[in-house]
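Note sheet for the following structure.
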Amino acid sequence: MRYKIGIALSGGGVRGAVHLGVLKVLAQNGIYPDIISGTSAGSIAGAIYAAGIDIDSFVEKLKDIQAWKILDPSFTPAYVLMLIFYYWTNKPMVMWSVPDGLFKGEKIEYYLDDLLQKKKFDELCIPLSVVSADINTGETVVFCSRKNIPRKKIPNTVFIPDAKVSEAVRASISLPGVFLPKNIKGRKLVDGGIKDNIPVDILYHQRAKKVLAVDLGVTTGRGKADSMLEILMASVDIMGDELSCYIRKNYPGYYLYPDLKGVGYRDFRRIPEFVKYGEEVAYKALPEIRKFLAS
């Protein structure tokens, strides 16, 4: 099966809301993807669109959600008290087992599962591929429907067809050190941005004829990383940007580079603003996108 138009959506933290604005404008102007791939924040936007969820109503409901309500610390109060006790009494802590991440990620997964109505990949309106990485083997792990697994094996890449979309997205957004890895089929999965931050290559292997890519990694002004959490997130961002250079050189397509200057990793409340910015970027690029698709 061949797909006429594929859209690849990169990771980018809270900046991923830009993807929603781009997808909205493309649809308003009669440009509909036949297949989508997404990494990290791009997997969230891709899942929302592929499930047929109205973008405006989703963004409106998001305004009422407090970010802290969907974050579940992996450190229990008792654990923190013990850490303080051992610190003040100078007792050795070398044998302690520390959690693999700051947050469990379970609340986000429950939220996504409810939002996506527990859909699996073969139940989506549009074919979707979600990219993650196995932290133990180093393999790229792609979730999609069985019919979109390429016949030709891709080196160092594994396809999983029978997962729920919510758990695949949960795996794709698992920033190392921030969220606990997601365990699926014996694999310890983390953010796909450490392997393939702009999954244009996946779409070509799935026989997409033309690919539009929204790459949020190219920016002239990053927000300052002023905490451990932000440093971890910025590190994955930088790694993803470097890997994306390889993708852009080796896989042709029309690449959009929304430049959100000075956006911090905690700017959750600015999501509606980022969606609007995505709309502006897409409107401006429409003539070139149409030319690319017609060529």
Among (1) closer than 19 Å to Gly11 by Cβ; (2) open to solvent by less than 20 Å² (accessible area, probe 1.4 Å), the one test that Ser145 misses: (1)
Checking Lys164 against (1) within 28 Å of Ser295 (Cα to Cα); (2) of a type in the set (D, E, K, R); (3) at pLDDT 95 or above, the condition it does not meet: (1)
Residues within region 97-148 that are assigned to a helix (DSSP H, G or I), free of Cβ contacts under 8 Å to residues at least 40 places away in the same chain and closer than 18 Å to Ala50 by Cβ, tallied: 4
Pairs with Cβ under 6 Å, 6+ apart, first in region 9-22 and within 14 Å of Asn197 (Cα to Cα), second of a type in the set (Phe, Trp, Tyr): Gly13/Tyr265
Residue identified as crowded, with 16+ Cβ neighbours inside 10 Å, touching a helix residue (DSSP H, G or I) at 6+ places or on another chain (Cβ under 6 Å) and assigned to a helix (DSSP H, G or I) among Val281, Val275: Val275
Residues that are surrounded by 24 or more Cβ atoms within 10 Å (Cβ to Cβ) and not in a helix (DSSP H, G or I), drawn from region 16-61: Pro33, Ile35, Ile36, Ser37, Gly38, Thr39, Ser40
Test: residue in region 217-230 that is at pLDDT 75 or above, assigned to a helix (DSSP H, G or I) and either open to solvent by 30 Å² or more (accessible area, probe 1.4 Å) or over 17 Å from Val14 (Cβ atoms) (or both): no
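The values are calculated or read from the model by the stated rules, or taken from the named source; none is laboratory data. Just so it is clear, the model here is predicted, and its values are computed rather than measured. No Cβ is skipped: glycine too gets one built from the backbone with ideal geometry, and neighbour counts run over all protein chains shown. Accessible surface is based on the protein model in full, side chains and every heavy atom, while ligands, DNA and RNA are left aside. Shrake-Rupley method; radii C 1.70, N 1.55, O 1.52, S 1.80 Å.
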